[in-house]
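Enquirer: This is the structure, below, for whatever I ask next.
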Amino acid sequence: MIGNLKRRLWSSLITLPDAKGWLISGIVGAPTLLAMAAIGLSTGLYALGPGNMSALPLTLLTVFFVPAIGEEVVFRGLMVPSRNEAARPIIAMALSTSLYVLWHPLEGFTFLPGARALFARPDFLLVTGLLGLACAVTRWRTGSIWPAVFLHWAAVVVWKTWLGGPALDDLG
């Protein structure tokens, strides 16, 4: 089993989507981001602001590694099969998305105490679930982790820069 997971992860890392895969990822990602924005703006989870441009370079870099790559490796690279492995991945996607959503409150109650209240908000968990499901679909459909990493990265960068998301220093 460990060998299969290693092969799955390695394959997801070295596979790059073709043009059709990127198109599908955009078709999945754009409505997901719009739905997340609609939910977050309507509930007060997100608040439009001028953006913290001085922090943008560091945000772009840090968000790429944590959470984008870090969480995508675990929740999509290891847990979600490619289309070559499973024609019907619904159980794997549901499990991956559920664990991804549950991971966030766990983070808040362990090593990110500043995120405890935020990561337990129902609206936060809902947008987290939407993002997780979209990332799972793009991973399965393309066989690659990279569209999921890009979608995750984009969502968190926009949230932290222009939609009032917390700075990393505020979470610890």
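Enquirer: Have a look at ASP123, ASP170 and point out the one that is outside any loop (DSSP other than H, G, I, E, B), surrounded by fewer than 21 Cβ atoms within 10 Å (Cβ to Cβ), at pLDDT below 95 and out of contact with any Pro (no Cβ under 6 Å at 6 or more places or on another chain).
Expert: Being outside any loop (DSSP other than H, G, I, E, B), surrounded by fewer than 21 Cβ atoms within 10 Å (Cβ to Cβ), at pLDDT below 95 and out of contact with any Pro (no Cβ under 6 Å at 6 or more places or on another chain) holds for just one of ASP123, ASP170, which is ASP170.
Enquirer: Search the stretch 12-30 for residues being aliphatic (A, V, I, L, M) and part of a helix (DSSP H, G or I), and hand back the single one that is surrounded by the most Cβ atoms within 10 Å (Cβ to Cβ).
Expert: The qualifying residue surrounded by the most Cβ atoms within 10 Å (Cβ to Cβ) is VAL28.
Enquirer: Another question about this same structure. Answer yes or no as to whether VAL149 is in contact with a helix residue (DSSP H, G or I) (Cβ under 7 Å, 6 or more places away or on another chain), within 22 Å of LEU45 (Cα to Cα) and modelled with pLDDT of 95 or more.
Expert: Considered against the rule, which asks whether it is in contact with a helix residue (DSSP H, G or I) (Cβ under 7 Å, 6 or more places away or on another chain), within 22 Å of LEU45 (Cα to Cα) and modelled with pLDDT of 95 or more, VAL149 comes out as no.
Enquirer: Same structure, new question: Residues to consider are LEU33, LEU5, LEU9; find the one that is surrounded by fewer than 17 Cβ atoms within 10 Å (Cβ to Cβ), modelled with pLDDT of 95 or more and either out of contact with any Pro (no Cβ under 9 Å at 6 or more places or on another chain) or in a helix (DSSP H, G or I) (or both).
Expert: Being surrounded by fewer than 17 Cβ atoms within 10 Å (Cβ to Cβ), modelled with pLDDT of 95 or more and either out of contact with any Pro (no Cβ under 9 Å at 6 or more places or on another chain) or in a helix (DSSP H, G or I) (or both) holds for just one of LEU33, LEU5, LEU9, which is LEU5.
Enquirer: Next up: Going through ALA155, ALA148, ALA117, ALA136 one at a time, which residue ends up being free of Cβ contacts under 8 Å to residues at least 60 places away in the same chain and part of a helix (DSSP H, G or I)?
Expert: Exactly one residue qualifies, and that residue is ALA117.
The values are calculated or read from the model by the stated rules, or taken from the named source; none is laboratory data. Source: prediction; values computed, not measured. Virtual Cβ from ideal backbone geometry, glycine too; neighbours counted across all protein chains shown.
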